[in-house]
Structures are given as structure tokens and as C-alpha cells.
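Novice: Please find one structure pasted underneath; my questions will follow.
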Amino acid sequence: MGKLKVLFIGGSGVISSACARVAVEAGIDLYVLNRGQTATRPLPARVTELRGDVRDAASVRDAIGDRDFDSVVDWVAFTPEHVRTDIGLFRGRAGQYVFISTASAYAKPVLRLPITESTPLRNPYWRYSRDKIACEDLLTAEYRDSGFPVTVVRPSHTYDKTKTVLSGGWTTLARMRAGRPVIVHGDGTSLWTVTHHEDFARAFVPLLGDPRTFGEAFHITSDDVLTWDQIAGALGAALGVTPRITHVPSDAIAAADPDWGAGFLGDKAHSVVFDNSKIKSVVPGWRAVIPFHQGAREIADWYLGDPARQVVDPRLDALMDKLAGTYGASAEQEQEQEQE
């Protein structure tokens, strides 16, 4: 039996870059279709690069030529239209089609923990999640009607050294270093799961070419559960500071900035704990081993390693000041009243 032949559509993202590296290390004959590498996450040397525009079906056909693949993974399919194009391109040419969905599709607030793959999918707050659910629905119908060999994978807040986990990117880290208040939604005690991209990749790559996964959905997450205050604290410790946290209700953040707030109302405001039994049943021996305090040090080192990465968003910085001024003052008044 020859090498597994796999196509990644996109390959330089947070998750896909780690999966590309692990796939090559596993001996997979990996092709990556994109419009060009990024300096932040270069592709492994043994990858065959195909240049094309995934949003142009003719461009994709030209790029892949007469090649067939054991597995095709689309890392950048976000809408049913994207998925319909993929089905047209790869029906009969791919032994497996892997759709990257999202764990934010699970209905919130979760009525029963831990979350399993059978937890209902519903998200009235976040368009991104609703579109992913619609993609899953389309692919499930294709599997049932024609046997289209789809495998659905749902990541949940997977990060690498470039992603700060807390909203705001370097703006938030800069505020921590300067001793200025940083915004944490709610009261900071809701539970959250973050997964290092290398841990994700070690579970994901064995799914490629596995017919036991057809028609199935899997989430891949760490079993390390933290509060949002603990996440902020780990980032602060990695920077050598104790963060000044101001708690702000999620709906207040959404009122001040609907785009920023949608991710809270539709996902992060709710406690999430995942049951990873299903992925472990098809990838025996896998478990996530990189704790967030280690990941936080990688994040801090990456941002501090190059001043060009230390870009503050002035609009977001001003909004954080405004929210901190309002809700930080309210918290101080409550404390004074309790002491009287």
C-alpha cells in the first residue's frame, strides 16, 4: 500500500500549519492548495504546493489537474456555497472529504455538561457558527443521499504562539505590561477550554483516510479546563506581571461593539467542558499534553521577540478604556459599600 495522498485547501493557518507538519512527519504525501505561503507559518519542505484561488472553481481544477486524493481537507470553507463548490470539485475524486466546523456551533448555554458530539447545534448570536451549522447540514444530507464520504471536525479555541486567547491581541498584552486594566467578560469564573495546535494535530492526522469516520463528527479539544481569570493570569505571569482585570458583562461588550460581543454571547460567555471519548476511541492513546501556562509562555515570547508584532489597535484600546472606566468604577463603588 502506497502513501496516503492528501490535499489541504489552505495550510498556513493556526490549525492547518500544525496539521501539515504532523502529516508530513507521518509519511503522508501532502499537497497544499493556496495562493502563496505566509512568513508566519511556512509549509514543511516536503509539501507539494499548488497555486490556485479556492473561491474560483476553474482555478482549483487547473491547479489539481488530473490528481485524485485519498483525503481532501478544506480549512477555509465557511458557507454552504463554499461546500457546494467542494462537492462539485471532489465528488468521485476524493476518498474522504474533511469539513472543519466549529465547537461554537453547539447550543449555548449548554444544558448538560460535558459537551458530546450529540449536543444540539444552534447559535442565534453568531453568524459564523450558523453558517458552519448550515454547512454540516448540507454535508450530512449528501452523505445520507449519495454516500459522500464526509468527516466533520469541530475545533474549539485552538491557538498557537500568535494567538493571545484573550480578545484584543497585542493590545491586551500591552495593557497588561503597562499595568492598565484588561477586560474579562462576565465575572471571570466561567469555564473555558483552549487547545494547543500541536495537540490538535496529533489527533487530527490519524483521521485522514479512516473510513470509520465517514458520516461522523468529532470535536478535538484539550481536557484542561480553565476560568477566564486563570487564562488572563497565565498570560500575565508569562509577561512577568499580575494583570489588572476589569469584569464587564458580555451584553455590555456587545452593546459597545457588536462584532466583538457576538463571540461572547454566542460562545465564550458560557462554560464549556468537552467529552473527548469519541476522538480517543478512533485515535487510541491520544491526549492533549500541552497546558496553557506553557502555551502562554510561547505567546509572550513570540510577541516580545519582535517589536513589529507589537501593534496596538487604537480604537479597541480606547473602547477598553471606556469599559474599564465604567465597570471598574462600579466595582470599586460596590466594594466601598460592602466595607461601610
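Novice: Hey, does segment 310-321 have a residue that's without any contact (Cβ under 8 Å) to a residue 60 or more places away in the chain and closer than 24 Å to Gln230 by Cβ?
Specialist: No; the residues of segment 310-321 include none that is without any contact (Cβ under 8 Å) to a residue 60 or more places away in the chain and closer than 24 Å to Gln230 by Cβ.
Novice: Something else: Would you check if Arg46 is more than 30 Å from Pro120 (Cβ to Cβ), modelled with pLDDT of 95 or more, surrounded by fewer than 22 Cβ atoms within 10 Å (Cβ to Cβ) and over 23 Å from the mean Cα position of the chain (by Cα)?
Specialist: The answer is no for Arg46.
Novice: If I ask for residues that are under 12 Å from Val248 (Cα atoms), modelled with pLDDT under 90 and out of contact with any strand residue (DSSP E or B) (no Cβ under 9 Å at 6 or more places or on another chain), which ones from segment 303-340 would you list?
Specialist: Residues satisfying the conditions are Ala329, Ser330.
Novice: Within the set of pairs 6+ apart or on separate chains, which have a first residue in segment 58-72 that is aromatic (Phe, Trp, Tyr), a second that is at pLDDT 95 or above, and C-beta atoms under 6 Å apart?
Specialist: Between residues of segment 58-72 that are aromatic (Phe, Trp, Tyr) and residues that are at pLDDT 95 or above, the close pairs are Phe69/Lys5; Phe69/Leu7; Phe69/Ala94.
Novice: OK, next. Which numbered condition in (1) buried (at least 22 other Cβ atoms within 10 Å of the Cβ); (2) farther than 24 Å from Gly295 by Cβ; (3) free of Cβ contacts under 8 Å to residues at least 60 places away in the same chain is the only one that Thr151 fails?
Specialist: The one condition Thr151 does not meet is (3).
Novice: Follow-up. Restricting to strands (runs of 3 or more DSSP E) lying wholly in segment 21-87: which have 2 or more residues that are touching a Gly at 6+ places or on another chain (Cβ under 6 Å) and in the same structural domain as Val152 (by TED's automatic domain parsing)?
Specialist: Fully inside segment 21-87 and qualifying: 29-34.
Novice: Also, quick follow-up: List the number of the failed condition for Gly92; all other conditions in (1) assigned to a loop (DSSP other than H, G, I, E, B); (2) buried (at least 16 other Cβ atoms within 10 Å of the Cβ); (3) modelled with pLDDT of 95 or more hold.
Specialist: Among (1) assigned to a loop (DSSP other than H, G, I, E, B); (2) buried (at least 16 other Cβ atoms within 10 Å of the Cβ); (3) modelled with pLDDT of 95 or more, the lone unmet condition for Gly92 is (2).
Novice: Take Ile115 and tell me if it is crowded, with 20+ Cβ neighbours inside 10 Å, modelled with pLDDT of 95 or more, in the same structural domain as Ile9 (by TED's automatic domain parsing) and more than 24 Å from Pro149 (Cβ to Cβ).
Specialist: When the stated conditions are applied, Ile115 passes them.
Novice: Tell me, yes or no, whether segment 18-33 has at least one residue that is over 23 Å from His197 (Cβ atoms), over 23 Å from the mean Cα position of the chain (by Cα) and crowded, with 20+ Cβ neighbours inside 10 Å.
Specialist: No, there is no match, as no residue in segment 18-33 is over 23 Å from His197 (Cβ atoms), over 23 Å from the mean Cα position of the chain (by Cα) and crowded, with 20+ Cβ neighbours inside 10 Å.
Novice: Find the residue count for segment 123-140, including only residues that are among the small types (Gly, Ala, Ser) and under 17 Å from Val98 (Cβ atoms).
Specialist: 0
The values are calculated or read from the model by the stated rules, or taken from the named source; none is laboratory data. Here the structure is a predicted model, which is why all the values come from computation and not from measurement. Neighbour counts run over all protein chains shown; Cβ positions are idealised from the backbone, glycine included.
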